[in-house]
Amino acid sequence: MSRKIKSDSVKLDDVVIETDKHKEFTVAEIKHSTKIFKSATPKYDASWYVKWAASALILIAVMARGSINVEWSLLELNQQVDLIASCVGTIGWFIVGMLWKDRALILLNGVIVIILGQAIIGAFI
């Protein structure tokens, strides 16, 4: 037997839910809490690892791009690191978009990969 209860019903407020980390919360605590964070993205699956690795690569690329005030001999190396890390990081975010079926991530990162791919080909050929 099952019954439908509206999500804003007071009947559910005393129901206790146990998390994976063995913490207990009532439904009322979860509904009204500003301290309990509910992530919108999956955690500890393949997309989580790809997302963080890709973000780290993009940060490395931005650091390489930002260090323009270096010797001329290092400038070309920084540009290569920037291009390659940006492209690999963007490919990572493209893969995350595919896993999440997020068309905005797929479109944006797909176009960026094409642009960076052309820049890499131009830089190394």
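A few comments on the model shown:
- Inter-label distance for Lys21 and Ser39, nm, one decimal - labels placed 7 Å from Cα along Cα-to-Cβ: 1.1 nm
- Neighbour-count order for Thr41, Thr26, fewest beta carbons within 10 angstrom listed first: Thr41, Thr26
- Principal axis analysis of the Cα atoms in the stretch 46-124 yields extents of 43, 24, 16 Å, listed in decreasing size.
Every read-out reported here was derived from the displayed coordinates using simple, explicitly stated rules and does not represent laboratory data. A quick note: this is a predicted structure, and the numbers were derived from the prediction, not measured. When we count neighbours, we look across all protein chains shown, and the Cβ atoms used for this are built from the backbone with ideal geometry, even at glycine.
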